[in-house]
1. So B:Ala240 clears everything in (1) outside the structural domain of B:Gly93 (by TED's automatic domain parsing); (2) buried (at least 24 other Cβ atoms within 10 Å of the Cβ) except one condition, right? Which one?
2. From (1) crowded, with 22+ Cβ neighbours inside 10 Å; (2) farther than 24 Å from A:Ala33 by Cβ; (3) outside the structural domain of A:Lys321 (by TED's automatic domain parsing), pick out the condition that doesn't hold for A:Ala113.
3. Return the total of residues in the stretch B:22-59 being aliphatic (A, V, I, L, M) and either touching a Lys or Arg at 6+ places or on another chain (Cβ under 7 Å) or over 24 Å from B:Ala269 (Cβ atoms) (or both).
4. Do the conditions hold for B:Leu163, that is, is it within 11 Å of chain A (Cβ to nearest Cβ) and buried (at least 24 other Cβ atoms within 10 Å of the Cβ)?
5. Quick one: which of A:Ala68, A:Ala91, A:Ala36 is modelled with pLDDT of 95 or more and touching a Leu at 6+ places or on another chain (Cβ under 6 Å)?
6. Of the residues that make up the stretch A:232-243, is at least one over 21 Å from the mean Cα position of the chain (by Cα), free of Cβ contacts under 8 Å to residues at least 60 places away in the same chain and away from chain B (no Cβ under 14 Å)?
7. For B:Ser150, indicate whether it is among the polar types (S, T, N, Q), outside the structural domain of B:Asp212 (by TED's automatic domain parsing) and part of a strand (DSSP E or B).
8. From the list A:Ile169, A:Ile121, which residue is of a type in the set (A, V, I, L, M), out of contact with any Asp or Glu (no Cβ under 7 Å at 6 or more places or on another chain), under 19 Å from A:Tyr62 (Cβ atoms) and within 11 Å of another protein chain (Cβ to nearest Cβ)?
2 protein chains.
Amino acid sequence: MSSPLDPIAMQTISFADLTDLLRRIFLRHGTSAEVAAVLAENCASAERDGSHSHGIFRIKGYLASLAAGWVDGQAVPKVEDVAAGFVRVDANGGFAQPAMQAAKVLLIEKVRAAGIAILAIRNSHHFGALWPDVEPFAQEGLVALSVVNSMTCVVPHQAHKPLFGTNPIAFAAPRAGGQPIVFDMATSAMAHGDVQIAAREGRMLPPGMGVDSAGLPTVDPKAILNAGALLPFGGHKGSALSMMVELLCAAVCGGNFSFEFDMSSKPGAQTPWTGQTIIVIDPDKGRGQAFAQRSEELVRQMHGVGQQRMPGDRRYKQREKSLSEGIVLTEEDMTRLQRLTQA
Amino acid sequence: MSSPLDPIAMQTISFADLTDLLRRIFLRHGTSAEVAAVLAENCASAERDGSHSHGIFRIKGYLASLAAGWVDGQAVPKVEDVAAGFVRVDANGGFAQPAMQAAKVLLIEKVRAAGIAILAIRNSHHFGALWPDVEPFAQEGLVALSVVNSMTCVVPHQAHKPLFGTNPIAFAAPRAGGQPIVFDMATSAMAHGDVQIAAREGRMLPPGMGVDSAGLPTVDPKAILNAGALLPFGGHKGSALSMMVELLCAAVCGGNFSFEFDMSSKPGAQTPWTGQTIIVIDPDKGRGQAFAQRSEELVRQMHGVGQQRMPGDRRYKQREKSLSEGIVLTEEDMTRLQRLTQA
């Protein structure tokens, strides 16, 4: 093992090569070709864009969940055309992203025809970042909002025990003069993956992120992970939004609430078995004007009052760098990933 | 004028009588009968439910805006049936609530048929609470989400000048065992009406609510109102949500952004001239199960972990009290309102 004082040896890999490497890992660990392709692109995109908490860091959890028989890597999603604006998918115990992929063409057809449509995914596992689910819609000129509930680790405002998941909200909108405006925010004070990374790196957290097993405030990520819990962001408002995510994903989609599944009988299982909602709007039906010109004006004004960085900008900047210079991984990670294609 | 040490004389009035009193005030000040009825019910409901910042406190602002010729109290909204899930309304410079009322039957028809529908209102003034716009949908078994942008008074995260409005988000969902779950939150750290009330009552605010005219943090509501500004709630997350509200209301609906209208040439004008979006979902299309049973289970679990009060509960409790005992107003307010029916 290297000492903390040794320089860490790094390697670069292209986005295409990382995607292919991850695809082979998923295939080797029991997913279908379709599922491997979707998860590999999702995970490589996160690594490429600097979303490290949802990049290759997640591979271990994916594979452990597959090995435990907790998530079905071969699941074939069942898509149902319910109404002019409503598509529902039973992911059949598989991952959420392939379920979305299976319904996407139908969903976009409905959005173009009806002006708005909702995709309600249930019986699904979402273990990735949420922005990759919405950004592609904005690339096609549509506005998308997605929410996914996860697993109990957040204490509702003024409650004394965790109940909600980190329950992220992601939003994407096109703009005329640049890449789409995209945000992806946990409704918890911090994303769970970031707490895990801080624990691994031995960093303390800012105050207000979570509580320990006794329900007392703590800045130690290990205390949060070890029978402690996160708090919602923004007090009662973030808590209400987290509740809304539970209602939209579990109650609308027919998925589990964050507190309704028990993976304790499947050692190694980590992926939340819940639901996901995606609402997509054709914004040019609003008034027959170009939405993207209007959103560009908002961006111009936000820059004008001093907001340097738009939501999504940091990812786009890192993406550009990764695409021109390659994605930088430690040699240790690279070796680990390569080994995982074999066993 | 009474001294602060005098007991304040109070009177009670029934909800029906307050609604009628406010209706006569609006009529006397130049609105159509339809507009008077809608605004009176909205405003009396807020007062009845203890939402004082959007109750009779707002009458002065409504009337000043009407007198200034800034908002058209006689406007007839133009409803357009755009697609299977899309209704748009040009409020023609009138209030947003009558515009919503004019489109509501069509909107609900679309929701029942398509599973989801969006109402995009533009060229509208919204000066009321937002929860009365969503709660009625939940009373009919539907899930509703509404956003409305307002007027520049919130500094985007890490910017140095205000740009966004208080831009509230309201959500309503039915539940089997009680009144709907309803929240209505400004994406600013505090609602503008609550800052005005604190200023009037001479109370200081908690830290983190706003900045003074120099952009420095302040707890003085007067400093915020006097060329200062509010902050978003929850840092960059609340700021991103506020931006989303601008995009959904102005860019989707074809309304003004919060910074795009100038009422300085109309002394007394106070109502924001923007847009409003309402998205309504038929939640029982998600899996053929009863949504309200599932939301009831979430409420039960939230109570189980110690969350005593559900979003909306405080309003329902006050509503019940007001309906049985009457709405309590000061004699001064009552006299003022009665005078306003005359002049």
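The values are calculated or read from the model by the stated rules, or taken from the named source; none is laboratory data. It should be emphasised that the depicted structure is a prediction, and the values quoted were computed from it without experimental measurement. All Cβ positions, glycine included, derive from the backbone under ideal geometry; neighbour counts span all protein chains shown.
1. (1)
2. It is condition (1) that A:Ala113 fails.
3. 3
4. yes
5. When all the criteria are applied, what remains is A:Ala36.
6. Within the stretch A:232-243, not a single residue is over 21 Å from the mean Cα position of the chain (by Cα), free of Cβ contacts under 8 Å to residues at least 60 places away in the same chain and away from chain B (no Cβ under 14 Å).
7. When the stated conditions are applied, B:Ser150 does not pass them.
8. Exactly one residue qualifies, and that residue is A:Ile121.
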